[in-house]
Amino acid sequence: MAKLDRYLLSDFIQSFLATLTVLLVVSVGGVLVDILGRIADGRMPAGLLLSQLGLQFIVYLPIILPLALLLGLSLAIARLYRDSEMAVLTAVGVGPRRLLRPVMMLVAPVVALVGACSLWLGPWANRTADAMVEAASRSVVVAGLEPGKFTQLSGGGIVYLSSLNEDGTRMGKVFIQRQEDGRIDVVSANSGAMFFEGDRQRFLRLEDGHRVEGPVNGGLDYRLMRYASNEVALPDRDEPRGQDDPEVLPTLRLLGDDRREAQAQLHWRITPPLLALAFALLALPLSRSTPRQQRYGSVMLAFLGYVVGISLMISGRQWLASGKLPVELGMWWLTVPLLVLALWLYFRDGRLSRRKRARA
């Protein structure tokens, strides 16, 4: 049966990769919009776009891969039924349960990848993304300011920097123009630097400069001043996550953490590979159909089951963190019954009932 296994495995892999590609293309839109919004607000430098996009994909892979596995297997197995290939295989003694070997040859590596992303790569990606944004937020480049270029601030106004040091903390020859309530405000300085107040508020301290303020539509109501130091507010950065935040802690550290939030995060990481295995086993019984039956009905049913499972997983995390569920119960109330149901349906698929056997 080596040729049959290779044929089925190739079909399953092609369907899985095609489904995964479509899901990744669809998902990139939502992730990209979120990152671009943070860049537009001045909370992240544009240079971190690709790195942050890649790290966020690692975080979302434990959610995307089980769906791609479920839909890919459902489409491939439904095609076997639609083209009567499953009927031919059954006629030569290859029943639905015989498909376990080629199915597991695909499912096992995918489940292992889901577990690696959920238990190790996902927390590492969160820590790395936070560290990159934290390092960049110490530079004026995070506000979109570049030397030798006029840049529009998110709060209104235009700023120009003649030069910038290597770490992006000090600048030379600064020009700022703002307009509000019918008056124009022009500020120039020989040098400047960025400093923090608290964890989020950032300011530009301009040194040794002039400020001119006057009406836009003409008039003589002008004010001219020379200053030694002047401060200009920049957009606030994102609220930083603490080092003890369960979302960024390694999984091994969560094992000894008694906080409800930490235990909820631990079960949140354990659940995706188990759900991926259960969904993969459910693909065969859900994809059973007659030769003339449309295969997309079973695919929609499989997708509905995935939505329900993921929704319960998200709700279970919130229930654990808020104390509505005991920590000892975790999310085993979701994964264990689903795995038992998947195994029962898989090994019962294609078997005749006793009454039908007696008639036969």
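Peptides 50-56, 261-267 ranked from most to least packed, by the mean per-residue count of other Cβ atoms within 10 Å: 261-267, 50-56. Between the amide H of VAL327 and any residue lying 5 or more places away or on another chain, no distance stays under 5 Å, with hydrogens modeled in the peptide plane. Take the Cβ atoms of VAL307 and PHE195, set R0 to 56 Å, and the FRET efficiency comes out at 0.70. Peptides 339-346, 313-320, 65-72, 175-182 ranked from most to least packed give 65-72, 313-320, 339-346, 175-182, packing being the mean of other C-beta atoms within 10 angstrom over each peptide's residues.
Listed peptides 216-222, 4-10, 189-195 appear in the order 189-195, 4-10, 216-222 once ranked by packing, highest mean of other Cβ atoms within 10 Å at the front.
Inter-label distance, ALA116 to TYR222: 6.7 nm, where each label sits 7 Å from its Cα along the C-beta direction. With the simple spin-label model, which puts each label point 7 Å out from Cα in the Cβ direction, the VAL186 to LEU53 separation comes to 4.0 nm. The phi-based Karplus calculation (6.51 cos²θ - 1.76 cosθ + 1.60; θ = phi - 60°) puts the 3J(HN,Hα) values of region 206-219 at 8, 10, 6, x, 10, 9, 10, 10, x, x, 7, 9, x, x Hz, whole numbers, x for Gly and Pro. Taking amide H atoms as placed 1.01 Å from N in the peptide plane, the amide H of ILE184 lies under 5 Å from those of GLY214, VAL216, each 5 or more residues away in sequence or on another chain.
Every number here is computed from the coordinates shown, using simple stated rules; none is lab data. Keep in mind it's a predicted model, so treat the numbers as computed, not measured. Cβ sites come from the backbone with ideal geometry, for glycine too, and all protein chains shown count toward neighbours.
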